[in-house]
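The values are calculated or read from the model by the stated rules, or taken from the named source; none is laboratory data. Please read all numbers here as calculations on a predicted model, not as lab measurements. Note that we place each Cβ from the backbone using ideal geometry, even for glycine, and neighbour counts take in every protein chain shown.
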Amino acid sequence: MSFFSSQSLSLRKSAPLTDKEFDDLSTYIYELAGIEIPKQRKYLLENRLRSRLGELKLNSFSDYYKYLKFGPNKQKEVEIFCEKMTTNETSFFRDAKQLGVFRMAVLAPMLQKLKQSGKKQIHIWSAGCSSGEEPYTLSIMLHEMLKMSIMGWRIRITANDISSAMIAKAKKGLYSEHSLRNTSKDIINRYFTKEPGGYLVHPKIKKNIVFEKINLNDTAALKKIPKSQIVFCRNVIIYFDPPMKKKVINSFYDNLVPQGYLVLGHSESLHSITNIFQPMRKPGGIMYQKMD
Ligand SMILES: C[S@@+](CC[C@H](N)C(=O)[O-])C[C@H]1O[C@@H](n2cnc3c(N)ncnc32)[C@H](O)[C@@H]1O
């Protein structure tokens with residue numbers, strides 16, 4: 001505890017988050033991950049970090065900020081801070097209507113075209129994959145569509161998230177019933193085994209997925225991701241401010257092959273961010289295509 005001033009130790013427990021502390025911590029998460037926490041959501045930052053102050057026996061958010069920036073375990077703490085500041089809500093087959101449109105309007109014609117050209121290779125990037133439900137859903141969809149012929153395809157799904165804890169959970173592939181709330185019994189029976197701790201994804205669903213911790217704010221790291229035909233980035237850019245949104249969308253554009261597709265969350269759009277993509281509007285969702 002010698003790291004902190006005696007003055008801070010005398011502060012009463014659970015001191016409220018001051019405006020200055022909010023500014024420092026919200027600026028820091030923005031610098032790290034591009035995540036914007038508007039002032040009116042100050043309560044969110046306070047609620048999410050309060051338990052961490054307790055765990056570290058710190059008396060104020062200023063002490064936490066000092067610990068985070070200059071403490072002996074700053075690397076580990078930055079990781080925990082990012083995890084606290086992100087929303088990891090997800091599920092298998094999230095937004096079934098949008099996935100249906102994607103399957104019909106994008107994936108099926110793309111697979112058909114690739115098959116006809118004799119290039120049976122597909123790479124999909126799930127950016128901001130949380131605990132893995134989205135990339136596993138995409139893998140299941142490919143199995144369902146290609147059936148036995150999948151053996152003749154080279155399939156890769158790159159899945160990344162800023163959170164090591166989420167990536168570790170994704171790699172494990174063990175899920176609760178809650179994660180499978182939008183998944184039919186049929187699919188569960190075909191692609192999961194019931195274990196004492198939950199439902200384990202079948203190795204054949206796992207084998208094409210490369211999970212990796214990557215920060216979407218790290219443009220250099222994104223450049224190393226192999227070219228994709230499809231980028232899924234659903235319910236992620238909603239947490240970014242306009243410049244960060246633009247930066248990330250530009251990275252997706254650079255990563256996509258010509259005619260490749262970007263899929264955002266159903267409530268997200270590129271309107272007022274960029275017009276580099278061609279929107280393809282369908283009832284149930286917009287898909288964005290790289291035209292050149
Ligand atoms: C709400 S989840 C969305 C998961 C999934 N795409 C879906 O739609 O179900 C958002 C995810 O984005 C991740 N995320 C937020 N900022 C990120 C960043 N800068 N780099 C990588 N991942 C980030 C979070 O850790 C979180 O797991």
**Prompt:** Only one of (1) exposed (fewer than 14 other Cβ atoms within 10 Å of the Cβ); (2) not in a helix (DSSP H, G or I) is not met by residue 155, so which one is it?
**Reply:** (1)
**Prompt:** Can you find a residue in region 62-69 that is more than 16 Å from the ligand (Cβ to nearest atom), of a type outside the set (Phe, Trp, Tyr) and part of a strand (DSSP E or B)?
**Reply:** no
**Message:** Tell me yes or no: at least one residue of region 257-273 is acidic (Asp, Glu), within 14 Å of the ligand (Cβ to nearest atom) and assigned by TED's automatic domain parsing to the domain that holds residue 170.
**Reply:** yes
**Request:** Go through (1) within 12 Å of the ligand (Cβ to nearest atom); (2) surrounded by 22 or more Cβ atoms within 10 Å (Cβ to Cβ); (3) over 14 Å from the mean Cα position of the chain (by Cα) and name the single condition residue 244 misses.
**Result:** (2)
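Are there helices (runs of 4 or more DSSP H) fully within region 70-134 with at least 1 residues that are over 26 Å from residue 216 (Cβ atoms)? List them.
Helices (runs of 4 or more DSSP H) meeting the threshold: 96-102, 108-117.
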**Asked** In region 76-91, which residue that is more than 9 Å from the ligand (Cβ to nearest atom) and not aliphatic (A, V, I, L, M) is nearest to residue 213 (Cα to Cα)?
**Response** 79
**Prompt:** Are any of the residues in region 229-240 away from the ligand (no atom under 15 Å from the Cβ) and either assigned to a strand (DSSP E or B) or on the phi > 0 side of the Ramachandran plot (or both)?
**Reply:** yes
**Message:** Is it the case, given these coordinates, that residue 251 is in contact (Cβ under 8 Å) with a residue 24 or more places away in the chain, among the hydroxyl-bearing types (Ser, Thr, Tyr) and more than 15 Å from the ligand (Cβ to nearest atom)?
**Reply:** no
**Request:** Please specify each residue of region 247-259 satisfying the condition of being crowded, with 21+ Cβ neighbours inside 10 Å and within 23 Å of residue 26 (Cβ to Cβ).
**Result:** 248, 249
**Message:** residue 222 - would you say it is modelled with pLDDT of 95 or more, of a type in the set (A, V, I, L, M, F, W, C), over 28 Å from residue 148 (Cβ atoms) and in a loop (DSSP other than H, G, I, E, B)?
**Reply:** no
**Complete:** Scanning region 122-176 for residues that are touching a Pro at 6+ places or on another chain (Cβ under 8 Å) and within 19 Å of residue 200 (Cβ to Cβ), the one nearest to the ligand (Cβ to nearest atom) turns out to be 129
**Message:** If residue 110 meets every condition in (1) surrounded by 16 or more Cβ atoms within 10 Å (Cβ to Cβ); (2) within 21 Å of the chain's Cα centre (by Cα); (3) closer than 30 Å to residue 290 by Cβ apart from one, which number is that one?
**Reply:** (2)
**Positions within region 268-289 being farther than 16 Å from residue 248 by Cβ, free of Cβ contacts under 8 Å to residues at least 60 places away in the same chain and of a type in the set (D, E, K, R), in sequence order** = 281
**Request:** Just one of (1) part of a strand (DSSP E or B); (2) surrounded by fewer than 18 Cβ atoms within 10 Å (Cβ to Cβ) trips up residue 262, so point out which.
**Result:** (2)
**Complete:** Exception for residue 169 within (1) among the basic types (Lys, Arg); (2) under 30 Å from residue 119 (Cα atoms); (3) buried (at least 18 other Cβ atoms within 10 Å of the Cβ) falls at (2)
**Fill in**
Within region 161-182, residues hydroxyl-bearing (Ser, Thr, Tyr) and either within 21 Å of residue 217 (Cα to Cα) or assigned to a helix (DSSP H, G or I) (or both) come out as 163, 164, 179
